[in-house]
Amino acid sequence: LTTARDHGFVGRRQETAAFRALLTAGDGAVVHVHGPGGIGKTALLHHFGRLGLRAGRPVLQLDARDPHPYGEEVAAALPRDSGALLLLDSVEALAPD
């Protein structure tokens, strides 16, 4: 099942293929999406979230610019041994001033 949002997402075929391979591998991984502002990093993270949900993975999407709790609260929200995805956007906002 695809949505209009999926049809609107174009490009990033290599990144999408690599992410799908990680989803099927089942191993833990850290994926760092980086680049200059405005190139679609947030759109790519949302796309990864939809792929994760379709693969049956719990997905927790956070934006570091929002006043969310981090650390133990976030870790407690992720189901153990579930293959959960934590998608953290705007991670540069976590850097000390």
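Taking K and R as +1 and D and E as -1, what net charge do the other residues with C-beta under 10 Å from the C-beta of H34 add up to?
0
Work out the FRET efficiency for R13 and R57 from their Cβ-Cβ distance, taking R0 = 25 Å, and round it to the nearest 0.05.
Given R0 = 25 Å and the Cβ-Cβ separation, E is 0.75.
Ranked highest first by the average count of other Cβ atoms within 10 Å around their residues, in what order do 17-25, 57-65 fall?
Listed from highest to lowest mean packing, they are 57-65, 17-25.
We did not get these values from a lab; they are worked out from the coordinates using the rules stated. As the structure is a prediction and not an experimental result, all values here were calculated from the model. Please note: Cβ atoms are built from the backbone with ideal geometry, for glycine as well, and neighbour counts cover all protein chains shown.
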